[in-house]
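Enquirer: I have a structure here, written as C-alpha cells, and I will follow up with some questions on it.
The values are calculated or read from the model by the stated rules, or taken from the named source; none is laboratory data. In this text, all values refer to a predicted model and were calculated from it rather than measured experimentally. Note: ideal-geometry Cβ built from the backbone for every residue, glycine included; neighbour counts use all protein chains shown. Surface areas here come from the heavy atoms of the whole protein model, side chains and all, with no ligands, DNA or RNA. Shrake-Rupley method; radii C 1.70, N 1.55, O 1.52, S 1.80 Å.
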Amino acid sequence: MKSTGSYLKKHTEALVKDVGIEPACEVTGKSKATLGRYYSEHEEHSDRFMPIDAVAALEAAASYPHVTAALSELRGITLSFDSRRANAERSGNVNADVVALSQRFAMLMTEYSQSIEDGVITINEAKRMLKETLALQQVLIDMKLHLEDGSH
C-alpha cells in the first residue's frame, strides 16, 4: 500500500476510535465491519476509503478533525483547530501570550524529556507530545490574533 493510503487509513482509524465504534456506526449508518475495512491495511482493502460524507459526519462528532488534518498535511497546509470552542471573546494581551507560550513550551519539553528517558518514544508518549504541540500552536495563534488586533 502506498504510504499516502496508509497514512489516511491510520487517521481514519483515529477518527473512528475518537468517536467510538458503536457511535460511529450510528453516525454513518455503516456497520462495524464496513468501518473496519475503511482503515484496514490488508491488501484486499487497500483501495477502500471512507466516503467524504461519512468523514464529515464523524468529524462533527469527534474531538478533532483527524482525516481533514491528514489531508491538509499531505498538501502542506497547516490548519488551526481551536478545541477550546470558547463562548466568550478572547481576552488577554501579548504579554499574557508570552507567559502562556513559555509555560506551554516548558510542558512540551517536560513531556519530551520523560518520553526520551529510555531512548524510545512510544505511541502514547508521542500522542502526549502532540497534544502539547497543538496547545503550543494555539497559544501562537492567540498571540498572532492579539498582534493583529493591536492588543499589545
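Enquirer: Identify, please: which residue in the stretch 1-51 is closer than 14 Å to ALA70 by Cα and of a type in the set (D, E, K, R) and is, among those, most open to solvent (accessible area, probe 1.4 Å)?
Expert: LYS10
Enquirer: If I ask for residues that are at pLDDT 95 or above and in contact with a helix residue (DSSP H, G or I) (Cβ under 7 Å, 6 or more places away or on another chain), which ones from the stretch 49-66 would you list?
Expert: Of everything in the stretch 49-66, those that are at pLDDT 95 or above and in contact with a helix residue (DSSP H, G or I) (Cβ under 7 Å, 6 or more places away or on another chain) turn out to be PHE49, MET50, ALA54, VAL55, ALA57, LEU58.
Enquirer: Additional query: Filter the stretch 95-152 for residues that are touching a Gly at 6+ places or on another chain (Cβ under 9 Å) and open to solvent by less than 40 Å² (accessible area, probe 1.4 Å) and give the result.
Expert: The answer is ALA100, ASP142, HIS146.
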